[in-house]
Amino acid sequence: MNALIFGASGGLATALADALLARGSQVDMVTREERRETIERQFGAASANGLARIFSVTGKYSDFDVLQSYDAYFFTQALFAPSPLISMDAASIASEIEVGLTQPIQITRKLLSRHPPAGRRVNYCYIGSTSAYAGFKNTSVYCAVKHGLLGFVRAMNDEYAQADARFWLFSMGTMNTSMGAKLREQDPSSFLQPGDVAERIVDMVCAPSNLFEPEVVIRRRTIRFLEK
């Protein structure tokens, strides 16, 4: 399998790359220009062996020109800034929606147009959240974005029902990443490990069978809060 990961500097994104590389996949990664050096250091060995390539963008991810087709695309980019809605300004609301929802949709449109999934299996993998199925205080825009991804994935699976194009939404509870660290009232020892989540995702996407679970929810069995 060859895969392309957007938003490659995130904790889950790097874990996905590790899991794919461990299976012998060719992995290409797209990250922000300011984070490229960090990713190049992290995946230097795989890059030297020709198993990984690192690309960067200075603007929007949708500006990246995908020159080849892939077996799997992973859309991991997102913004998460917990705050009461009334405390957010118009620019921050627009940015969170643009990065987490509008950009994945725009990139998908370009991919389907330039590299249609004709006669082959192609996986389009979006990172949701348990926020795609519930609303949580101080994360209203983030919840709206993830609900939007859920509707998009459902619609695309119906639109491409006669093709072997699979649109996945992987929704998980809080992970032990820099994004998860923003939830300061929760005990991080109860957070999901991104490596565990990535293994689950890659196992499902790489499976050769006809089984397909378009909405995968990975919850925390126990949620603990810090004492005030």
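If you go through segment 152-177, how many residues are buried (at least 17 other Cβ atoms within 10 Å of the Cβ), out of contact with any Cys (no Cβ under 7 Å at 6 or more places or on another chain) and not in a loop (DSSP other than H, G, I, E, B)? Here the count works out to 11. Filtered by the rule that a residue be over 17 Å from the mean Cα position of the chain (by Cα) and assigned to a helix (DSSP H, G or I), segment 98-117 gives 110, 112, 113, 114.
Annotation: of all residues in segment 179-213 being surrounded by 14 or more Cβ atoms within 10 Å (Cβ to Cβ) and in a loop (DSSP other than H, G, I, E, B), the one that is modelled with the lowest pLDDT is 183.
Scanning segment 38-49 for residues that are farther than 19 Å from residue 76 by Cβ and under 21 Å from the mean Cα position of the chain (by Cα) yields a count of 0. Within segment 118-151, the residues that satisfy the criterion of being farther than 27 Å from residue 86 by Cβ and either touching a Leu at 6+ places or on another chain (Cβ under 6 Å) or buried (at least 18 other Cβ atoms within 10 Å of the Cβ) (or both) are 122, 123, 124, 125, 126, 127.
Residues are listed down the side, and each one gets a yes or a no for (1) free of Cβ contacts under 8 Å to residues at least 12 places away in the same chain; (2) out of contact with any helix residue (DSSP H, G or I) (no Cβ under 7 Å at 6 or more places or on another chain); (3) surrounded by fewer than 18 Cβ atoms within 10 Å (Cβ to Cβ); (4) not small (Gly, Ala, Ser):
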site: 39; (1), (2), (3), (4): no, yes, no, yes
site: 47; (1), (2), (3), (4): yes, no, yes, no
site: 57; (1), (2), (3), (4): no, no, yes, yes
site: 69; (1), (2), (3), (4): no, yes, yes, no
site: 74; (1), (2), (3), (4): no, no, no, yes
site: 94; (1), (2), (3), (4): yes, yes, yes, no
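Hey, does segment 197-207 have a residue that's among the charged types (D, E, K, R) and under 16 Å from residue 79 (Cα atoms)? No, segment 197-207 has no match at all. Checking every residue in segment 78-86 against the condition of being at pLDDT 95 or above and in a helix (DSSP H, G or I) gives at least one match.
The values are calculated or read from the model by the stated rules, or taken from the named source; none is laboratory data. Predicted, not measured: the structure shown is a model, and the values here were computed from it. Cβ atoms come from the backbone with ideal geometry, glycine included; neighbour counts cover every protein chain shown.
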